[in-house]
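The values are calculated or read from the model by the stated rules, or taken from the named source; none is laboratory data. Computed from a predicted model, the values in this text were never measured in an experiment. Neighbour counts are summed over all protein chains in view; Cβ atoms, including those assigned to glycine, are modelled from backbone coordinates with ideal geometry. Just so you know, the surface numbers come from the protein's heavy atoms only, side chains and all, with ligands and any DNA or RNA stripped out. Shrake-Rupley method; radii C 1.70, N 1.55, O 1.52, S 1.80 Å.
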There are 4 protein chains.
Amino acid sequence: MEHLPQRLLEGYSAFMRGRYAAERDRYRELAREGQTPETMVIACCDSRAAPETIFDTGPGELFVVRNVANLVPPYAPDGKHHSTSAALEFAVQSLKVKHIVVLGHGRCGGIQAALSPTAEPLSPGDFIGKWMNLVAPAAETVAGNAMMTASERQTALERISIRYSIANLRTFPCVSILERKERLSLHGAWFDISTGELWTMNPESGDFQRPEVD
Amino acid sequence: MEHLPQRLLEGYSAFMRGRYAAERDRYRELAREGQTPETMVIACCDSRAAPETIFDTGPGELFVVRNVANLVPPYAPDGKHHSTSAALEFAVQSLKVKHIVVLGHGRCGGIQAALSPTAEPLSPGDFIGKWMNLVAPAAETVAGNAMMTASERQTALERISIRYSIANLRTFPCVSILERKERLSLHGAWFDISTGELWTMNPESGDFQRPEVD
Amino acid sequence: MEHLPQRLLEGYSAFMRGRYAAERDRYRELAREGQTPETMVIACCDSRAAPETIFDTGPGELFVVRNVANLVPPYAPDGKHHSTSAALEFAVQSLKVKHIVVLGHGRCGGIQAALSPTAEPLSPGDFIGKWMNLVAPAAETVAGNAMMTASERQTALERISIRYSIANLRTFPCVSILERKERLSLHGAWFDISTGELWTMNPESGDFQRPEVD
Amino acid sequence: MEHLPQRLLEGYSAFMRGRYAAERDRYRELAREGQTPETMVIACCDSRAAPETIFDTGPGELFVVRNVANLVPPYAPDGKHHSTSAALEFAVQSLKVKHIVVLGHGRCGGIQAALSPTAEPLSPGDFIGKWMNLVAPAAETVAGNAMMTASERQTALERISIRYSIANLRTFPCVSILERKERLSLHGAWFDISTGELWTMNPESGDFQRPEVD
């Protein structure tokens, strides 16, 4: 008996025959020289929104944090364990990435949970509830708009939370300093699972628009 | 001017012409019916170790948390924001995944940092230092072993920390209960960036072995 | 000197040489037999959103009301002059249309005015202010959401007001009775001036989606 | 299943392939810069008399109100909802149009209703009856003229009501002031559905004449 789900073993076998075989030199070089990704992506855990798939990227291209609803907490140097802040520090200070992309997506389960605050917690620890508290003020405002449909409220909060994460990125001194020096740029994007559309955030207005691609 | 790095726009365009075009029906169904991944993967942010690439999986298959060094903190229902615990709760309680895989890899920058505790922090907040404190006792022991080479110490701690994350998974009541009922199984795996080899953890002994694949 | 703007005279001349010449028989028949449009459209006065253009329709196809922001007031048989209600009554009772489409659009000046209620009235009569009072409760709710961008608030209210107009259509007994008998159906649509996209309203959820067209 | 009548979806598809494809830049500019139409048209809802068709105009050219029988009520700053007055205020004060055209047409159903005041109301609300009351004095006089044929009475009232609408436009202070300053001019026109002839109103005499066009 093998120690991984059969599906993953088969997938791994396909990887070795396919991508690894084709990019063996690239993998060797990446092992020898270390990674030098230009872009950090903060994405959601959702199984339908993997950044490597959406951006069709290969090994070494994207340094990726994934948490529920692609949130960035505000800067808090309090000595606690901060998963996302640690990854951010590593990407910016050690890898010296040039771009950070916050990638949200439609039909996000975390955002949905934030819009239903009175629902029962998923477990006594209520970790999702606590985590989504990061966007609680926006969630309350949006949830209270009974004239928008459930789907419209969901999309609205998904986009607000991308802007919120970008604002929080700027609370980290290393991010704001490098951005001011134009050595780091911040981006927002939102992926529509159904249509495959990618909407990118206009950095001035915060609006999401579809880029011109072929 | 577009609002994403040019490389990502080109990659997105390739995705739309390629994978999305080929799997449009799958994406539509995933949007309509929601995601039902069977597997959660806890992986590292490293740009060389994306689980969707290593396991050659398509949309909807893997629910993925990525943090530095693929760590799971122990259960701590203290009302704070816990990124990884929130994702775990969501995967287990809401998505009802059947498998959780902790996927480590070689040449991990976070593990390397943990083995050099006297190095200067990357920033005043020292978020990586605080985050890697999660494996500090193991790191101290391994770092103190002068008879292993630097590379052996690194691999040793990478594997220890996978076992440590799996042990921490079992501190979550929902995980241990479902594992006892055989409705959830926990797995460890370690990916060698250079050779592409995947080593899977023997659940009884904790040893890492190469699986038999074609 | 002619008594119409030169541009309109030239356009009329082009119409006579073009469309009228091509459809002379159709015009004669429409004059002789009377109009029998199957569809009534309630559209905005905006110069960028003419329904005959967007739907590429010819003479006799669409019975069209156009007012600022494509609003339908609620049923009010009070003996006053009601422009939109009169057109509705004529379309439903006399022409027996089978469809009513409320057609909104992006960047609507009326909706923009409704979202800036503290702006100075355009004239002492404040006719736009009074007219847009029809959607005042929704406008207040949307305007108060400071976490959405101005453009997002605008689109939200444009879509809310389409749903509101459709709800008001159902306050007319003749509409609700015929709809129940399945002899009349109500539709919502929203046109994006910039991209040319048409989004149609899902009658169950009220959500706006892009239809599948070639 | 789509949410619009099939005919409109097909027409929209033709628009996208045709006019939109050809005028994409114009639409983008109109979205970005806003509309700046020089002319407001007050036209009838009749499906055979769309002003964009008769004047062969493109996007951004005509700001269009359409109500039954192209009527303008007199100035009444009474705090009620006034559809046509609101559109007029917006066109004159905000868009600063240079021309207002009242466009009537032959075989107008509203005018016909006004000439048959003893006919049964179309619905208990009698919205058409109330709306056409705006031209009741003229309608009574014309209806009482037994020496004109029915068709002559109809054309007579169609033209009287165009002059009446133009007179009412001048009851709005903003219109009369701007007309006096020669920054706004008012026009009347009447369209013959059968022959396609356009008759324009001589502003001095009020007579309708055929303009000289190629």
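Of all residues being assigned to a helix (DSSP H, G or I) and exposed (fewer than 15 other Cβ atoms within 10 Å of the Cβ) in the stretch A:1-18, which is farthest from the other protein chains (Cβ to nearest Cβ)? Just the residue, please.
Filtering first and then ranking leaves A:6.
Which of the residues that make up the stretch D:64-108 are more than 13 Å from residue C:126 (Cα to Cα) and not hydrophobic (A, V, I, L, M, F, W, C)?
Selection gives D:66, D:67, D:70, D:73, D:74, D:96, D:98, D:99, D:104, D:105, D:106, D:107.
If you go through the stretch B:164-176 one residue at a time, do you hit one that is in a loop (DSSP other than H, G, I, E, B) and surrounded by fewer than 19 Cβ atoms within 10 Å (Cβ to Cβ)?
Taking every residue of the stretch B:164-176 in turn, at least one turns out to be in a loop (DSSP other than H, G, I, E, B) and surrounded by fewer than 19 Cβ atoms within 10 Å (Cβ to Cβ).
Find the residue count for the stretch A:177-193, including only residues that are among the basic types (Lys, Arg) and not in a loop (DSSP other than H, G, I, E, B).
Within the stretch A:177-193, residues that are among the basic types (Lys, Arg) and not in a loop (DSSP other than H, G, I, E, B) number 1.
Across the stretch A:32-46, what is the total count of residues that are among the small types (Gly, Ala, Ser) and either over 24 Å from residue B:193 (Cβ atoms) or open to solvent by 10 Å² or more (accessible area, probe 1.4 Å) (or both)?
1
Would the stretch B:95-106 turn up any residue that is open to solvent by 10 Å² or more (accessible area, probe 1.4 Å), in contact with a Phe, Trp or Tyr (Cβ under 6 Å, 6 or more places away or on another chain) and among the charged types (D, E, K, R)?
no
In the list C:113, C:50, which residue meets the criterion of being of a type outside the set (Lys, Arg), within 29 Å of residue C:172 (Cβ to Cβ) and buried (at least 24 other Cβ atoms within 10 Å of the Cβ)?
C:50 is the lone residue from the list that is of a type outside the set (Lys, Arg), within 29 Å of residue C:172 (Cβ to Cβ) and buried (at least 24 other Cβ atoms within 10 Å of the Cβ).
Given the conditions (1) within 7 Å of chain A (Cβ to nearest Cβ); (2) part of a helix (DSSP H, G or I), which single one is not true for residue B:21?
Residue B:21 satisfies every listed condition except (1).
Has the stretch A:59-66 got at least one residue that is within 7 Å of chain B (Cβ to nearest Cβ), assigned to a helix (DSSP H, G or I) and buried (at least 20 other Cβ atoms within 10 Å of the Cβ)?
Checked the stretch A:59-66: no residue is within 7 Å of chain B (Cβ to nearest Cβ), assigned to a helix (DSSP H, G or I) and buried (at least 20 other Cβ atoms within 10 Å of the Cβ).
Kindly indicate whether any position in the stretch B:26-37 is in contact (Cβ under 8 Å) with a residue 12 or more places away in the chain, within 8 Å of another protein chain (Cβ to nearest Cβ), over 17 Å from residue A:41 (Cβ atoms) and assigned to a strand (DSSP E or B).
No: the stretch B:26-37 contains no residue that is in contact (Cβ under 8 Å) with a residue 12 or more places away in the chain, within 8 Å of another protein chain (Cβ to nearest Cβ), over 17 Å from residue A:41 (Cβ atoms) and assigned to a strand (DSSP E or B).
How many of the residues making up the stretch C:187-214 are open to solvent by less than 30 Å² (accessible area, probe 1.4 Å), facing chain D (nearest Cβ under 10 Å) and of a type outside the set (D, E, K, R)?
Residues in the stretch C:187-214 being open to solvent by less than 30 Å² (accessible area, probe 1.4 Å), facing chain D (nearest Cβ under 10 Å) and of a type outside the set (D, E, K, R): 13 in total.
Check every one of the helices (runs of 4 or more DSSP H) wholly within the stretch C:75-152 and list those with 3 or more residues that are at the interface with chain D (Cβ under 10 Å from one of its Cβ atoms).
Counting at least 3 such residues, we get C:83-89, C:109-114, C:127-132.
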